[in-house]
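These notes concern the structure reproduced below.
Read-outs throughout are calculated quantities, based only on the coordinates presented, and are distinct from any laboratory measurement. The model shown is predicted, which means the values in this text are computed figures rather than measured ones. In this analysis, Cβ positions are derived from the backbone assuming ideal geometry, glycine residues included, and neighbour counts consider all displayed protein chains.
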């Protein structure tokens, strides 16, 4: 009897498109799922879009659309990208479903029954301009633990966790204004009541050792803080049935999406829901990034345990993606959308590269494009595909030998190493699995090189020898291909076509194919053309403005003010300057410029300007989006080598690291003139 396994990946947020950083997780999960299915385990892969929260509400407002319309659009876009990379879900839903609402209610009632729900009045940061309470991710400031600037409202890069109100110099990332404290009643889950259970579960083997140590040192060694699980209106999500005008926080109803989507899939397919989430013999495996460990290893197990649902057998935590040793950045062309990559390169190349770098630990993964090019050209083209391309043409007419010839133990050795490869897949050590397969390829290529079928192909007396050599080479190639199918799913169809034989199970790698005709060889893979990598990078750079653009239709009404531009003046006539409030709606770095950022400023309504500002040493583009600034509105436009600058933003300071943009007080609107 095989194992019954339910597998999930973290839910991508429905506010943006899939990029190569996301794909680290989904490719890793898909490889594990494909391996489990190949060895015969009953495996179901469930995922879906995370759809609720303030971000979705604000986007819908700014675009004049409903949240449901955006969810539907992004759901289709995400599935297109995932399909393009061969990521095969059994079901891909959304958290905005009636099934998920049902699961939320069931878990909520269980938490209340066990006395874990508490109500407290708290002070929360509130954006007076956007007229909304601020979720953690909508607040930035200075970390209260290490003093690092520009950190989000829930945790810092140093590893510290805190409340948004603990930040120094907090600002709203929605409008760039300083938030105020406002009281509101919130609902909490007292997870301290489940401290003993959590301590046991964390040490049960469900987590990597480094995660267990992290949770023990940071949280379980002290009293656990109650978890704030409600947000007051306005908010996009599920209203809490027994608490009008309060909504479940997105981190409450996002993990429940695993269960809700399973329920939806069961309704569609006739499967028994209880055997997945109410049967402890089912293995639940979560694949997540290290940034959401806190939620999946403390709050989520508490919810599942109290509700009587299946606890995770394993939470597989992975690190982040860097590109060429640095964080992904649009200005460098390394913030690459999945759809951009798919225009130029074979998706299996990225799958193989990520696999070759995956160890099963919580290490970050670095995508170096030169290394990707070298690894694909060497391993996949020069090693794997090379075996088939150098042998198949010699048996095109005769077919394979009727029995498997003596190969000196090569095929048998490949069968024996199959158990090691399988163990590596099971442990998510795909890098080891790939290395073991390539070692098989090294032996196969040496055999072909030593026997040189191309030298004996014209000798009419050696047809049997030639046929045997090629039969051995092609079977060693097929054996390798089967071992790589979890990583390279597109290989399966071509290998089956070439041999006229189906691949059904992992065990097929231990059975040589003999006595069949082989089809005409097609190039299974081609070498990576570096020009295509350069095109991906260039196209990704050009997406800067689009990706950093934000609309503020609701908050920036058209003001009936005097014309923005009067008489054109020079810098010497600054006394006549027309100073206006403006909002930064686009911001990006300028290629080739050491100090400049390119800004697009809105003055309300349709009036906007492009301005180049020498503030790159102090401000990051993403920090400026939505911020109100003061602009010299009637400065003579200046043609620079990077483009036309149509104004100047006003700043104070000494230059270098001493630059401070001047912002108006609360209540000022884009287009207002300074007097």
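A few notes on this one:
- Three-way shape call for region 1-73 based on the alpha-carbon gyration tensor, with the a/c threshold at 1.5: prolate
- Size check on region 185-297: the Cα extents along the three principal axes, sorted descending, read 41, 38, 25 Å.
- Cα shape, region 122-189, gyration tensor, a/c 1.5 rule: oblate
- With Cα atoms, 0 to 90° folded angle of helix 98-113 axis to the chain main axis: 70 degrees
- Neighbour counting of Cβ atoms within 10 Å sorts the residues 247, 447, fewest neighbours leading, into 447, 247.
- Expressed in Å, the radius of gyration and Dmax of the Cα atoms of region 378-510 are 14.6, 50.
- Orientation-averaged projected area, Cα convex hull of region 28-69 (nm²): 4.4 nm²
- Alpha-carbon centroids, region 231-282 and region 365-433: separation in whole Å: 43 Å
- For the chain, the longest principal axis of the C-alpha atoms and the axis of helix 430-451 are separated by about 40°.
- Across the chain, Cα pairs under 8 Å and at least six residues apart give a relative contact order of 13 percent.
- Antiparallel %, DSSP beta bridges [both residues in the chain], to 5: 70 percent
- Euclidean distance of C-alpha centroids, region 83-137 and region 317-354, integer Å: 30 Å
- Average Cα contact separation per residue, region 211-255, under 8 Å, 6 or more apart, as relative contact order %: 30 percent
- Taking 172, 9 and counting other C-beta atoms within 10 Å, the order from fewest to most: 172, 9
- Fewest-first ranking of 74, 57, using other Cβ atoms within 10 Å as the exposure measure: 57, 74
- Each Cα pair of the chain feeds into the Kirkwood radius, which the Stokes-Einstein equation turns, at 10 °C and 1.306 mPa s, into a diffusion coefficient of 56 µm²/s.
- Global form of region 359-442, assessed from the alpha-carbon gyration tensor, a/c cut-off 1.5: oblate
- Computed over region 354-493: relative contact order in percent, which uses C-alpha pairs under 8 Å that are six or more apart: 38 percent
- Helix-derived mean residue ellipticity, 222 nm - over the chain, DSSP H n ≥ 4, -39500 (n - 2.57), to 500: -10000 deg cm²/dmol
- Helix 20-38 and the long axis of the chain differ in direction by around 30°, with both axes built from C-alpha atoms.
- When the Cα atoms of region 1-149 are aligned to their principal axes, the ranges along those axes come out at 57, 41, 39 Å in descending order.
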